[in-house]
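The values are calculated or read from the model by the stated rules, or taken from the named source; none is laboratory data. Everything numeric here is computed off the predicted structure, so don't read it as measured data. Note: ideal-geometry Cβ built from the backbone for every residue, glycine included; neighbour counts use all protein chains shown.
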Amino acid sequence: MIRELEYYSAIPLIRVERYCDQMEKECGEIRERYGVDAPDYGKPLEPHHQRILDRFVKNIQVLCREPSVKGQISSHPLREYTVISRLDRFEQEIHPFRESFLRHESPDTPGQEQGVRDARHRTGGRSPPLSRMPSRSTLMDRKYPGSLRQPIHHIRRIAVRDPDRCEFCEICETLVPCARAESRRVEDCTGCGACAAACPQEAIRMEEGEGAGMVTVTVDGEGVAVPAGVTVQQALEYLGHTFGRFPGEGDHFAPCRTGGCGACALAIDGALRQSCITPVRDGMEIRTELPAGTFPLRAVTGWTGLGVGGVGTPWQLQGSRPLIEAAVFACGCNLRCPQCQNWTVTYRGVEPPLTPREAAVRMTVERRRLGVSRMAISGGEATLNRPWLLRYLEELLRLNPDPGARFHVDTNATILSRDYLDSLVEAGMTDIGPDLKGLRTETFMAITGISDTGLATRYLRTSWDAVRYLSDRYSGRIFMGVGIPYHPLLIPREEITRMGDALCRIDPGIQVTVLDYRPAFRRRDLARPAVQEMREVRALLTGTGLRMVISQTAAGPLGP
């Protein structure tokens, strides 16, 4: 049986065609079972058959948005022979077949049941001719005024805990925002998946569950029917909205999906709330365009002073005094590193979000209390909520106008486009520390936990492009230090050497810090690399011509 597909999975065209073959075969088998002279003719559609058809409808929507399918439209001379045309025809056949059962699931009278039989008999148990089908836009329309058409069996995701793996750490109840944390009832789960992403034991899995009916909400002023028991993001996806993991992809940007970054926040019942974790409810009012003057919100935590600094801290300052930076950590991340070194921040969605002004005031107070000139923000991933970060830096600059003030951003650089970097510099950023998590896509996927090859490739390419652009355009104006993670089980030394060669071609004087991965989160089996091993890795990088290489070790940093 074909699985439920995910958005932005970079499916090759030949595989899309195979999915079409498989779905058409399975759909044909279901239709034959309920056709004229079949054993189940005239009977209600079985729930598991309904789930299969619902899955097919969603898969069609996913496949129609695949880059390979879209690309064929522009390159193929005849649209009627393209895959998207095939998907359209398939969808036009599924909908009437499904709806014939949904409208007549429980006939009130024998005459009504006979009417259903007669209607199916006229078409041989099949759908009406394609010429009588509604258009794709009509089929996808979820705006049903008055009497709402409601699917009988809506499938939703629920979190299921494996008692054999669970260590009862309560992370799923205290670190992530959970709609059922207080009630502890499975039916209150919205299927956001934040608990499954944050569980260090991988003791929570997302499974299909029965739907909870339908509710009516208002989206941009129009009443619509959406499934109950889901998040606002899932409800909008049901209506045809798309949520991308890369800026500019989809109708909305939802990079962390655990409630921390706030990039997916919408105006919900008059307040700014994260769509990825907020449960939908009957009568809810949702605005997908934020009103003018709305201040972005972001969860940040862990205000502290640092004596060593981060990747983007100049080496000559590290250890020069007890504290050199005031730091804060932004919640939420677009990566899923199994060995995440700061995972309690990455998955922390319960922290009350702050406006940029509130966070800047707090950071300024910390700076003065600690007596430092440098102010750093790390994560999680600090750059996910672009409006928030730019406004935060602007507020910091306004509150700290003295020439000694430095504003430092540590980042995985996976979404830092050139215009974003220009905006950060314009807003006041003076120092930046991008991480480069490999040179090959396979290595990047192993380190970051990103299973989508296309997305991983784009993230990795963007991070390297950001380093090149910063070096070419802002050398001498913005300090940049590059981080390279290392563990022999995650990245081979040969690739470390190749990364050194690539960085040396960009700028042999660039500061590079090798980060020794210690056991953490889901990779507690990792043994922290020995000091001698980190010394050897540093030697590999200096051997490529890099002049400023620092190696982080259990005994402290090894520098030039």
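Quick check on GLY476: is it in the same structural domain as ARG406 (by TED's automatic domain parsing) and at pLDDT below 95? Reasoning before the result, please.
Numbers: in the same structural domain as ARG406 (by TED's automatic domain parsing): yes; at pLDDT below 95: yes.
Spelling it out, GLY476 is indeed in the same structural domain as ARG406 (by TED's automatic domain parsing) and at pLDDT below 95.
Among the residues of segment 268-288, how many are surrounded by fewer than 17 Cβ atoms within 10 Å (Cβ to Cβ) and closer than 20 Å to LEU384 by Cβ?
Total meeting the criteria: 1.
Could you tell me which numbered condition GLU351 fails, if it satisfies all but one of (1) modelled with pLDDT of 95 or more; (2) in a loop (DSSP other than H, G, I, E, B); (3) charged (D, E, K, R)?
Every condition holds for GLU351 apart from (1).
Condition first: within 30 Å of ARG547 (Cβ to Cβ), charged (D, E, K, R) and either in the same structural domain as PHE479 (by TED's automatic domain parsing) or not in a loop (DSSP other than H, G, I, E, B) (or both). Can you find one or more residues in segment 297-313 that meet it?
In the first step, residues of segment 297-313 are kept if they are within 30 Å of ARG547 (Cβ to Cβ); the result is 305-313.
Of the ones still in play, those that are also charged (D, E, K, R) are none.
No, the conditions are met nowhere in segment 297-313.
Before we move on, is SER463 within 18 Å of VAL311 (Cα to Cα), crowded, with 16+ Cβ neighbours inside 10 Å, polar (S, T, N, Q) and more than 18 Å from the chain's Cα centre (by Cα)? Full working, then the answer.
Numbers: within 18 Å of VAL311 (Cα to Cα): yes; crowded, with 16+ Cβ neighbours inside 10 Å: yes; polar (S, T, N, Q): yes; more than 18 Å from the chain's Cα centre (by Cα): no.
For SER463, the condition - within 18 Å of VAL311 (Cα to Cα), crowded, with 16+ Cβ neighbours inside 10 Å, polar (S, T, N, Q) and more than 18 Å from the chain's Cα centre (by Cα) - is not met.
How many residues, within segment 235-261, are among the aliphatic types (A, V, I, L, M) and not in a loop (DSSP other than H, G, I, E, B)? First the steps, then the outcome.
Let us first name the residues in segment 235-261 that are among the aliphatic types (A, V, I, L, M), namely 235-236, 239, 254.
Subset that is not in a loop (DSSP other than H, G, I, E, B): 235-236.
Residues that pass the stated criteria total 2.
Taking segment 476-514 as the search range and keeping residues that are free of Cβ contacts under 8 Å to residues at least 12 places away in the same chain and assigned to a helix (DSSP H, G or I), which one is nearest to LEU546 (Cα to Cα)?
Top of the filtered list is ARG505.
Conditions tested, residue by residue: (1) surrounded by fewer than 24 Cβ atoms within 10 Å (Cβ to Cβ); (2) within 30 Å of ARG522 (Cβ to Cβ); (3) free of Cβ contacts under 8 Å to residues at least 40 places away in the same chain.
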position	(1), (2), (3)
TYR347	no, yes, no
ARG368	yes, no, yes
ASN385	no, yes, no
ASN400	yes, no, yes
ASP419	yes, no, yes
VAL425	yes, no, no
GLY428	yes, no, yes
ASP431	yes, no, no
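Does segment 415-436 include one or more residues that are part of a strand (DSSP E or B) and of a type in the set (Phe, Trp, Tyr)?
From segment 415-436, those part of a strand (DSSP E or B) are 431-435; that's our starting set.
Cutting the leftovers down to of a type in the set (Phe, Trp, Tyr) gives us none.
No, segment 415-436 contains no residue that is part of a strand (DSSP E or B) and of a type in the set (Phe, Trp, Tyr).
Please give the strands (runs of 3 or more DSSP E) falling wholly within segment 189-234 in which 3 or more residues are touching a residue at least 60 places away in the same chain (Cβ under 8 Å) and over 22 Å from ASP162 (Cα atoms).
Output list reads 214-219, 222-227.
Of the conditions (1) more than 26 Å from PHE329 (Cα to Cα); (2) not in a loop (DSSP other than H, G, I, E, B), LEU272 clears all except one; give me its number.
Here LEU272 meets the rest and fails (1).
Among (1) surrounded by fewer than 23 Cβ atoms within 10 Å (Cβ to Cβ); (2) touching a residue at least 12 places away in the same chain (Cβ under 8 Å); (3) among the polar types (S, T, N, Q), where does ASN334 come up short?
Only one criterion is unmet by ASN334, namely (1).
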